[in-house]
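The values are calculated or read from the model by the stated rules, or taken from the named source; none is laboratory data. Just so it is clear, the structure is predicted and the values come from calculations on it, not from any experiment. Here Cβ is always computed from backbone atoms with ideal geometry, including for glycine, and neighbour counts include all displayed protein chains. Keep in mind that these areas ignore ligands, DNA and RNA; they rest on the heavy atoms of the full protein, side chains included. Shrake-Rupley method; radii C 1.70, N 1.55, O 1.52, S 1.80 Å.
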Amino acid sequence: MKKLSAIVLLVLLLNIPAYAAKKDALLEVSDTNMLKLQSESESGVEYGKLSKKDRVISKSSRKIDAIYPGSKNNRLGISFPGNRGPNQLVIYKREYGRRTLTNEFGKEAVVIGDTVVRLTGADSIIPHDGFVISGHGSASKWIGENLKVGTKVRIDEQNCVLHSFTTISSYRYYAKVKINEVEQILEKTKKQYKNRDDKKVKEYLKKAKKELKRSCSSNSNSALQSAKDSIVSSQIALSYTLPYLKDELKGVWVRPVQKNEAEVEKTLDEMQELGINTIFLETYFHGKTIFPSEVMKSYGFDGQNKNFRGYDALSVWVRGAHKRNMKLHVWFESFYIGNNLPQEDAYSILAIRPSWGNRNKANSESNQPVAHMSEHRGYFIDPANPEVIEFLTKLILEICAKYDIDGVNLDYVRYPLSAKASSSNYEASNWGYTPYAREEFKKIYGVDPINIRANSAMWNKWDNYRQDRISKYVASVKDAVKDRGIVLSAVVFPDYKSSLETKQQNWQRWSSYGYLDALTPLILTADYNLANSMLEEMKRKTSSKTKLYPGLFVGFMEGESEDLLKQIHIIRNQNLEGVVLFDWAHLDKKYTDVLKACVFARQCRDEDKN
């Protein structure tokens, strides 16, 4: 996918006191974290009507596929997250709800009044006095190419068309936001980082203000360039606001693609140079291992992923990481086994053990393995089946016994995604209707779950049954590794209600029962306020003994590099223990450059964080 321009930056505001704007300022930062349009005297733009004093840099239009709520509704037959379909452009108004609830495979722009104030990636908070523009596929590409912070937009509801106009004032607008943002972060963190060297921050901040002032003198090409230079200078200033903290976990998820030891060593050197101190290496994924496994062979499965045959990839990674004083955690896909057709892979898990396959209610009587249409069209195995739990636990034990790993990070510790409870197809989309689970539940409660309706009292027991099977798996792994000095963590979704409702994932129970040492919650948004509230909820619902290492998806969502800094800022403000970046393959140069500038760079060390 085409990356956003370096000047297309996300505006994610801090929870900070109101900023006293000058007369000609466009923005006011309030303690509710919303951008308010204070004055349009500079831009002269009102719903696409441009004054002669401003100059259009670019304009575009795009068909709107759905408005929620509004005169046009989405008539897709298939339910996708946020009711946004493939290649669609969707408008979300506040009446739709608090959030868009879209997934990470798209882009979103938050609009207040008629101005784009934030670019958030996914699952954005919908403002009371505005709306969210959301796109997937070709619509996502259109957003990336045409909407910038400061862009003016107009909705033509009658013809279902969105019009956008980016002017010189749009760039000035954003430059002012960035300058204000740097000043506020600098002020807010001056007590937090007592020994920070602010010289570079102030140097580039001064340049940003100077270029902005120069830009306001005319509407010429040189004025436009000055506005762009102001944005870049404030961007650099922001990269020096957060110092390096030596005790912070700086992790990254990585799917290995290296074909030999030399390639692994080169990658580890690059990670060390970036400042990574903990690697979460995908070791068991798509139902295959990157190492030669006796457990896999004992079940008749492939003994090793064919892409790694000829060398023991896990051994090479562990040895190389420890040589550089880096820790290595095994990233372990539990119940997801990939999207390869079982009939085309004779040694795959479902080809050998078809009874292990999970099923949703709509396909409970199927004689073939059931794929999940919106989870990469992949297959899952049954958490209720004790044979499955025994197999996964044995595989983890084999890894722990053969390799000097530092931790195990359990992923896909859940049932496949179902629709929301408010959806008309919620019941049919639920998973877990396997012969084993149905028979066991019937023995316990006298009812086949296939006959339980979602709005009945027995439904809660069916939910609890499935949640308990996942929890038993986590407890089983904890018992297996507890005396080995291995850190056990799990990948979770931070929205607790949705996690229970749509995935049967009860991470609060795992924390309170001490099944885990840490959680790695997925922050699948670049919306500052939403990310902050997600982590606040997790802190409230987890034991103080459970560490939190939030997983940041800015690179994967093709957000701006500053979003990494802002989310790290949130994490530090909440006194969490570190971050994990998703993932190594999506850490382009624009992200690594900003991390190496200071926050991951030892030369920017500040030992005295409160």
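Some values worked out for this structure:
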read-out: Protection proxy ranking, peptides 156-162, 336-342, average beta carbon neighbours within 10 Å, highest first; value: 336-342, 156-162
read-out: Contact order relative to length of the chain, as percent, for alpha carbon pairs under 8 angstrom and 6 or more apart; value: 15
read-out: Accessible area of the chain belonging to carbon and sulfur atoms, whole % at 1.4 Å probe; value: 48
read-out: Segment 306-342: trypsin sites (Lys or Arg not before Pro) falling in loop per DSSP and having at most 16 other Cβ within 10 Å; value: R309, R324
read-out: Loop sites in segment 543-580: trypsin sites (Lys or Arg not before Pro), DSSP, at most 11 other Cβ within 10 Å; value: K545
read-out: Rounded accessible area per residue of segment 479-587, 1.4 Å, Å²; value: 31
read-out: Interchain or long-range residues, amide H under 5 Å from S58's placed H; value: T166
read-out: Accessible area (Å², per residue) of segment 367-464, counting only protein heavy atoms and a probe of 1.4 Å; value: 44
read-out: Probe 1.4 Å, protein heavy atoms only - accessible area per residue of segment 194-316 in square angstrom; value: 45
read-out: Residues whose placed amide H lies under 5 Å from that of G551, excluding near-sequence neighbours; value: L522, I523, V580
read-out: Potential extension, D483-A585 segment - 0.36 nm per residue separation minus Cα distance; value: 33.3 nm
read-out: Whole-Hz couplings from phi, Karplus 6.51/-1.76/1.60, listed for segment 306-316; x for Gly and Pro; value: 4, 5, 10, 5, x, 7, 8, 4, 5, 4, 5
read-out: Estimated 222 nm signal from helices in the chain, with DSSP H stretches of n ≥ 4 weighted -39500 (n - 2.57), rounded to 500; value: -10500 deg cm²/dmol
